[in-house]
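In what follows, a structure is listed as structure tokens, so that the remarks can point back to it.
The values are calculated or read from the model by the stated rules, or taken from the named source; none is laboratory data. Just so we're clear, the structure is a prediction, and the values are computed from it rather than from any experiment. Backbone-built Cβ (ideal geometry, glycine too); neighbour counts: all protein chains shown.
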Amino acid sequence: MFDISERMKKIPPYLFVEIDKKKKQLIKDGYDLIDFGIGDPDIPTPPNIVNAMREYVKRQEFHRYPLGRGNINFRKAIASFYQENYDIQLDPEEEICVLIGSKEGIAHFPLCFINPGDYSLIPEPGYPVYKIGTILAEGNCYFLPLEEKNNFLPDFSKIPANILKKAKILYLNYPNNPTSAFAPEEFLKEAINFCKKNNLVLSYDAAYSEIYYDKKPVSFLSLPGAKEVGIEFNSLSKPFNMTGWRIGWACGNKELISALSKVKENIDSGVFEAIQFAGIEALTNSKETPLKMRDIYKKRMNLFVNGLREVGFDVKFPKGTFYLWLKVNKSSIEFVDELLENGKIIATPGIGFRPSGENFVRFSLTIQESKIEEAIKRIKKIWEK
């Protein structure tokens, strides 16, 4: 009856919505599922943040449109966070924009710079929103394979000259979802120089910057020249267990921030200010929370990795994120179907993150240790058959 736009026809069903549909149906059917599917922290938001929200939501001045780039007090708290943790100086007035979660900003960003026929350079396997935002801006996607032999880093030298000529944005994401890879400083410097040379905007997704196990990841914005070419997206979702609150930010080059802010001013009205003030509470009075989360995820990862090794899998312990990117000896769809059919375990097939993810499966360790132990028991039974 209705003629859907061509750009919408190019967008596949969102991977994690489809996984959630399957999960809900199986629960409805009475199965005891173990869900490693979606990267959504299971631990509650810290009580002091929740209590702060209870108080701020009562303030009548916060019941009006928030507007602008975000409350200046929250932007100052973000600037202080970068100064204290990464020795990065940000101007809260011009170099920070508050987002309704970093996903929203990433999705809107191509509208700033992509014209019909332009290209975004997108890592794959990778977060689907890089592609979707480009398509909605009527741009084209050129995918950069992240291969194990190259430590899941893209090889810029393999980008064809005719594509590079039309490219406007390079997307990078480290610590990486889904591979859990880290980007060394030398690579990030190479990426900055590559963008300068080819007049590209570097869009850096740092959503997992606070989830690491040993060595802290290099901050993109701390490197020379980063602010000349780049914008970083981050949020409170993962380190503070606030995925449902929908609050994040973009920071970096002031021209890029200004362009994104202009898009947002004409599309949305910003983040509820009570949530922004709860964000201040997170960044100023819950500084120990990311450390606690790292300890929890490291224990879970140790448990799962050791259990899989006992079964016979060759597993590398990740440097960060709460994902395990497991290499399998069959198609990723076949592997996850076997887990679901015989173990009632949900995992994400690597092919869902595009072809370079084939023969890998992603496990999100956002479940309790008891569930991980049970999952190992079920996996052992499957592979003993």
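One residue is enough: does the stretch 169-184 have a residue meeting the conditions surrounded by fewer than 21 Cβ atoms within 10 Å (Cβ to Cβ) and either assigned to a helix (DSSP H, G or I) or touching a strand residue (DSSP E or B) at 6+ places or on another chain (Cβ under 7 Å) (or both)?
Among the residues of the stretch 169-184, not one is surrounded by fewer than 21 Cβ atoms within 10 Å (Cβ to Cβ) and either assigned to a helix (DSSP H, G or I) or touching a strand residue (DSSP E or B) at 6+ places or on another chain (Cβ under 7 Å) (or both), which makes the answer no.
State yes or no: is G252 surrounded by fewer than 23 Cβ atoms within 10 Å (Cβ to Cβ) and not acidic (D, E)?
no
Taking the stretch 324-353 on its own, how many of its residues are within 22 Å of the chain's Cα centre (by Cα) and of a type in the set (K, R)?
Total satisfying the criteria: 1.
How many residues does the stretch 204-220 hold that are outside any loop (DSSP other than H, G, I, E, B) and either over 16 Å from the mean Cα position of the chain (by Cα) or more than 21 Å from I122 (Cα to Cα) (or both)?
1
I need a count of the residues in the stretch 145-168 that are in a loop (DSSP other than H, G, I, E, B) and touching a Leu at 6+ places or on another chain (Cβ under 6 Å).
Looking only at that region, the number is 2.
Give the residues of the stretch 214-246 that are surrounded by fewer than 17 Cβ atoms within 10 Å (Cβ to Cβ) and modelled with pLDDT of 95 or more, sorted by residue number.
S222, L223, P224, G225, E228, G244, listed by residue number.
Can you name every residue in the stretch 204-225 that is more than 23 Å from F240 (Cα to Cα) and touching a helix residue (DSSP H, G or I) at 6+ places or on another chain (Cβ under 7 Å)?
L223, G225
Would you say C251 is in the same structural domain as E61 (by TED's automatic domain parsing) and in contact with a Cys (Cβ under 9 Å, 6 or more places away or on another chain)?
yes
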